[in-house]
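Participant: To start, I am sharing the structure in question, which I have written as structure tokens.
Where a number appears in this text, it was derived from the coordinates with a stated rule and is not lab data. A quick note: this is a predicted structure, and the numbers were derived from the prediction, not measured. Reconstructed Cβ throughout: ideal geometry from the backbone, glycine too, with neighbour counts over all protein chains shown.
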Number of protein chains: 2
Amino acid sequence: MPTSTDVAAFDRRYERLRKSIDAKATAAYRRRKPVSLYEPAVYAMKGGGKRVRPVVTLLAAEAVGGRAEDATDAAIALEALHNFTLVHDDIMDNSAMRRGVPTVHKKYDVATAVLVGDAMLAVSYEFMLRVEGERGARAARAFNRGLVEVCEGQGLDKEFETRDDVTLREYIGMIGKKTAALLEACCRVGAIIGGGTDGEVEALADYGVNLGLAFQIQDDYLDLFGDEKFGKPIGGDLREGKKTYLLLSALKRAAGSDKKRLERIAHKGGAAKKDIPAIRKLYESLGVPEDAGRAVRRYTNKALASLDALSREDGRENFAQLANRLLDRNA
Amino acid sequence: MPTSTDVAAFDRRYERLRKSIDAKATAAYRRRKPVSLYEPAVYAMKGGGKRVRPVVTLLAAEAVGGRAEDATDAAIALEALHNFTLVHDDIMDNSAMRRGVPTVHKKYDVATAVLVGDAMLAVSYEFMLRVEGERGARAARAFNRGLVEVCEGQGLDKEFETRDDVTLREYIGMIGKKTAALLEACCRVGAIIGGGTDGEVEALADYGVNLGLAFQIQDDYLDLFGDEKFGKPIGGDLREGKKTYLLLSALKRAAGSDKKRLERIAHKGGAAKKDIPAIRKLYESLGVPEDAGRAVRRYTNKALASLDALSREDGRENFAQLANRLLDRNA
């Protein structure tokens with residue numbers, strides 16, 4: 001168990017890395033022309049919150065004995081890549097707001113958002129390809145693998161919208177690509193640049209993918225069982241009929257008229273707002289929250305177990321704390 | 001002057017390379033999952049016509065004494081990159097048809113076309129990053145530079161739509177990025193992988209950018225002064241009020257009521273179909289076709305002159321013939 005002193009030290013380290021990357025990430029698109037293209041990119045990169053992905057990249061480099069500063073370009077690239085996915089996902093999902101401000105395609109228009117996303121991605125590779133030598137080449141391939149998987153995950157997510165027979169196993173496969181693959185790429189890229197052994201790179205990659213799975217399932221859980229915060233209404237996923245871990249778990253456990261009711265929600269595009277409390281009760285009676293909790297713990301434990309392969313104690317310690325921090329949404 | 005025997009030999013070589021790349025380019029997205037993501041990508045890559053960009057890449061490798069087959073992955077990457085730009089450009093321009101079939105966003109939908117384009121780009125980097133060693137790293141950066149410029153060129157093109165003061169010089173800067181940068185990247189990437197000297201790489205890059213400029217200006221010329229073919233109606237650019245080389249040259253040369261008339265076309269979104277013949281006459285009286293013809297010859301000659309830096313005669317010969325072939329649209 002980390003002591004409170006450890007937690008405070010980790011928090012300071014995280015905050016220092018976050019701040020260093022925050023300014024550089026927004027600056028990535030400044031002083032570039034044409035302004036009409038890059039100004040919306042700066043807008044999309046601003047107010048980026050926790051900057052989890054670049055900080056993870058820097059921490060991964062340190063965890064294997066490398067220097068965080070050597071991974072700075074890669075960290076910026078991964079943050080830019082993440083923000084590119086948000087700009088294009090918001091078009092696909094027709095989302096109007098993100099982080100409390102209008103999405104790029106709402107503030108500008110769809111054509112601009114398509115192109116701005118493309119340019120953000122192009123510039124993210126520019127940063128990534130600054131990393132030299134054989135480590136740079138390996139890191140670039142890991143980065144690219146992350147992008148391919150994110151696209152495939154998004155494709156699966158869209159495919160699931162129109163399918164009636166999605167299993168929990170398929171769902172885990174989808175979020176493994178859509179959400180977890182990018183965190184995996186951050187760990188892998190950082191560890192490669194930091195000069196980690198193959199064992200260390202794979203251990204951190206395993207950590208990343210499992211923590212990403214835990215994080216997404218917890219996100220699904222909080223949609224219905226979390227506090228209403230950040231202006232995000234309770235049950236948003238349910239109202240859209242999104243096939244989340246909760247709904248798929250409930251579908252698996254329910255029978256008779258309960259099952260029929262849930263099938264209507266999944267296949268007819270969602271639940272009415274007034275029905276949310278009753279569905280939450282149904283989920284509780286089916287044991288869905290416990291099911292999700294077990295899944296979060298299982299993937300978190302897998303993530304933590306993979307840290308045993310790291311030789312440096314500070315690396316193990318930082319990544320254990322990172323898991324706590326990411327999964328403790330009240331922090 | 002190339003003899004007809006040379007031309008026939010070049011045509012055979014081009015056709016052989018085109019065929020070899022044609023099948024591989026379409027196969028790039030086959031046997032990948034999810035099918036719902038990659039099937040539209042295969043669709044977008046099909047019927048790709050002349051496959052100019054990958055063939056140029058292969059020829060550039062050969063022109064500096066390398067083997068075309070070493071540049072195959074890069075050539076596929078460049079063709080995929082080109083087709084990615086078409087999928088996203090068609091969304092931005094709201095184009096319904098391409099190469100005689102519905103565009104991706106019309107056949108599927110906008111959300112699918114955004115994501116499919118992203119996945120095509122991701123996979124194009126996958127191919128590009130297969131090239132190993134220091135040459136691979138340099139080639140990947142040249143490839144990336146091409147993508148950044150294409151995005152910036154598209155951004156400028158969009159910006160020009162709403163501006164009243166675009167100069168011919170700015171226009172050349174824009175098409176230098178939007179159209180020519182990709183051909184430049186093909187030349188550069190091929191020459192790097194083929195093991196060309198720095199001088200040879202820069203010479204072929206110069207060739208690519210100048211030929212790209214000549215090609216685009218000729219394309220603008222053919223919109224109004226070419227034969228009506230491929231079902232493309234005469235004066236399409238003029239009807240949209242696109243600020244092409246012709247319109248900008250005419251604006252520069254016209255005065256009085258002629259100038260006012262052209263300004264209305266440029267600033268109010270185009271000309272009526274019935275006015276096209278009269279505007280063509282006006283252009284002729286202003287000397288616009290000759291102006292465009294001189295520009296095409298100037299950039300073509302610059303392209304050809306840069307070939308002098310190549311040490312291999314077959315390299316110079318092939319690229320001279322390539323210029324003839326690309327600029328002779330009746331071929």
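Participant: Could you compute the longest span of chain B free of trypsin sites (Lys or Arg not before Pro) located in DSSP loops and having at most 15 other Cβ atoms within 10 Å, not counting the site residues?
Facilitator: On the way: sites that count: B:ARG30, B:ARG31, B:LYS46, B:LYS50, B:ARG67, B:ARG99, B:ARG130, B:ARG163, B:LYS229, B:LYS268, B:ARG312, B:ARG329.
The segment B:164-228 is the longest one with no such site.
Participant: What is the Cα convex hull volume of the range B:22-196 when expressed per residue in Å³? The partial results should precede the final answer.
Facilitator: On the way: hull volume 20.0 nm³, N = 175.
Hull volume normalised by residue count: 114 Å³.
Participant: Give me a comma-separated list of calculated 3J(HN,Hα) values for the range A:133-138, in order, Karplus coefficients 6.51, -1.76, 1.60 applied at θ = phi - 60°, integers in Hz, x for any Gly or Pro.
Facilitator: x, 5, 4, x, 5, 5
Participant: Please express the Cα-Cα pair-distance distribution P(r) of the protein assembly as shown as a list of whole percents, one per 20 Å bin, running from 0 to the bin with the greatest distance.
Facilitator: Percent of pairs per bin, in order: 17, 47, 28, 8, 0.
Participant: May I ask for the angle, rounded to the nearest 10°, between helix B:52-63 and the longest principal axis of chain B, with both axes built from Cα atoms and the value confined to 0 to 90°?
Facilitator: On a 0 to 90 degree scale, this one is about 50.
Participant: Partner chain Cβ atoms within 10 Å, averaged over the residues of A:238-249 - can you pull that number for me?
Facilitator: Working: counts 0, 0, 0, 0, 0, 0, 0, 0, 0, 0, 0, 0.
Mean shielding by partner chains, rounded to a whole number: 0.
Participant: How far is it, in nm, from the label point at A:ARG264 to the one at B:THR3 when both lie 7 Å from their Cα along the line to the Cβ?
Facilitator: 8.4
Participant: Amide H to amide H under 5 Å from A:ALA271: which residues, 5+ apart in sequence or cross-chain, H placed 1.01 Å off N in plane?
Facilitator: It is A:ARG239, A:GLU240, A:GLY241, by chain and number.
Participant: For the range B:72-138 and the range A:277-306, what is the centre-to-centre distance using only Cα atoms, to the nearest Å?
Facilitator: Result: 40 Å between the Cα centres.
Participant: What's the percent breakdown of Cα-Cα distances in the range B:43-144 across 5 Å bins, shortest bin first?
Facilitator: For the range B:43-144, the binned pair fractions read 3, 13, 21, 22, 16, 12, 8, 5, 1, 0 percent.
Participant: Related question: Kindly write out, for the range B:196-211 in residue order, the coupling ³J(HN,Hα) from the Karplus curve 6.51 cos²θ - 1.76 cosθ + 1.60 (θ = phi - 60°), rounded to whole Hz, with x marking Gly and Pro.
Facilitator: Each residue of the range B:196-211 in turn: x, 5, 4, x, 5, 4, 5, 4, 5, 4, 4, 4, x, 5, 6, 5 Hz.
Participant: Still on this structure, I have one more. Please state the Cα pair-distance histogram of the range A:177-236 with 5 angstrom bins from zero: what percent is in each bin?
Facilitator: 4, 20, 19, 14, 13, 11, 8, 7, 3
Participant: Further, regarding this structure: Return an integer: the convex hull volume of the alpha-carbon atoms of the range A:152-254, in Å³ per residue.
Facilitator: Details: hull volume 12.3 nm³, N = 103.
It is 119 Å³ per residue.
Participant: Give me, ordered by chain and number, the residues 5 or more places off A:ILE234 or on other chains with an amide H under 5 Å from its own placed amide H.
Facilitator: Amide H neighbours of A:ILE234, under 5 Å, 5+ apart: none.
Participant: Label position 7 Å from Cα toward Cβ: report the copy-to-copy distances for B:ASP308 in nm, one decimal, ordered from shortest.
Facilitator: In ascending order, 7.1 nm.
Participant: Where does the range A:277-331 land on Rg/Rh, using Cα atoms and the Kirkwood Rh? Working shown, then result.
Facilitator: Numbers: Rg = 15.5 Å, Rh = 13.1 Å.
Taking Rg over the Kirkwood Rh, I get 1.18.
Participant: Over the range B:215-331, what number does the Rg to Rh ratio reach, with both radii from the alpha-carbon atoms and Rh per Kirkwood?
Facilitator: On the way: Rg = 16.8 Å, Rh = 15.6 Å.
Radius of gyration relative to Kirkwood radius: 1.08.
Participant: Rounded to the nearest 10 degrees, what's the angle between the helix B:288-306 long axis and the longest principal axis of chain B, both from Cα atoms, 0 to 90?
Facilitator: Tilt relative to chain B: about 20 degrees.
Participant: Evaluate peptide B:156-163: per residue, the Cβ atoms of other protein chains within 10 Å of its Cβ; return the mean as an integer. Write down the numbers at each step before the final one.
Facilitator: Numbers: counts 4, 2, 7, 4, 2, 0, 1, 1.
If you average over the peptide's residues, the count of other-chain Cβ atoms is 3.
Participant: Using alpha carbons only, how many degrees (0 to 90, rounded to 10) separate the axis of helix A:181-193 from the longest principal axis of chain A?
Facilitator: On a 0 to 90 degree scale, this one is about 20.
Participant: Return the sequence-ordered ³J(HN,Hα) values of the range A:74-89 in whole Hz as given by the Karplus equation 6.51 cos²θ - 1.76 cosθ + 1.60 applied to θ = phi - 60°, using x for Gly and Pro.
Facilitator: 5, 5, 4, 4, 5, 5, 5, 4, 4, 5, 4, 4, 5, 4, 6, 4
Participant: Which GluC sites (Glu not before Pro) from the range A:205-289 combine a DSSP loop assignment with at most 14 other Cβ atoms within 10 Å?
Facilitator: On the way: sites: A:GLU228, A:GLU240, A:GLU263, A:GLU284; in loops: A:GLU228.
Within the range A:205-289, the qualifying GluC sites (Glu not before Pro) (loop, at most 14 other Cβ atoms within 10 Å) are A:GLU228.
Participant: At q = 0.25, 0.26 Å⁻¹, what is the log10 ratio I(q)/I(0) for the range A:100-173, with the Debye formula run over Cα points and no solvent?
Facilitator: -1.05, -1.08
Participant: Could you work out the helix-only [θ] at 222 nm for chain A, with each DSSP H run of four or more residues adding -39,500 (n - 2.57) and the total divided by the number of residues, to the nearest 500 deg cm²/dmol? Please report the intermediate quantities before stating the final value.
Facilitator: Details: 16 runs with 241 residues, N = 331.
Result for chain A: -24000 deg cm²/dmol, rounded to the nearest 500.
Participant: Now for a different question. First measure r as the distance between the Cβ atoms of B:ALA23 and B:GLU159, then evaluate 1/(1 + (r/R0)^6) with R0 = 45 Å and state the FRET efficiency to the nearest 0.05.
Facilitator: Details: r = 39 Å, r/R0 = 0.86.
It comes to 0.70.
Participant: Kindly provide log₁₀ I(q)/I(0) values, in the same order as q = 0.16 Å⁻¹, from the Debye equation applied to equal alpha-carbon scatterers of chain A.
Facilitator: -1.40
Participant: Inside 10 Å of the C-beta atoms of A:111-117, what's the mean count of C-beta atoms belonging to other chains? Numbers along the way, then the final one.
Facilitator: Details: counts 8, 3, 2, 12, 10, 2, 5.
Mean partner-chain Cβ count within 10 Å for A:111-117: 6.
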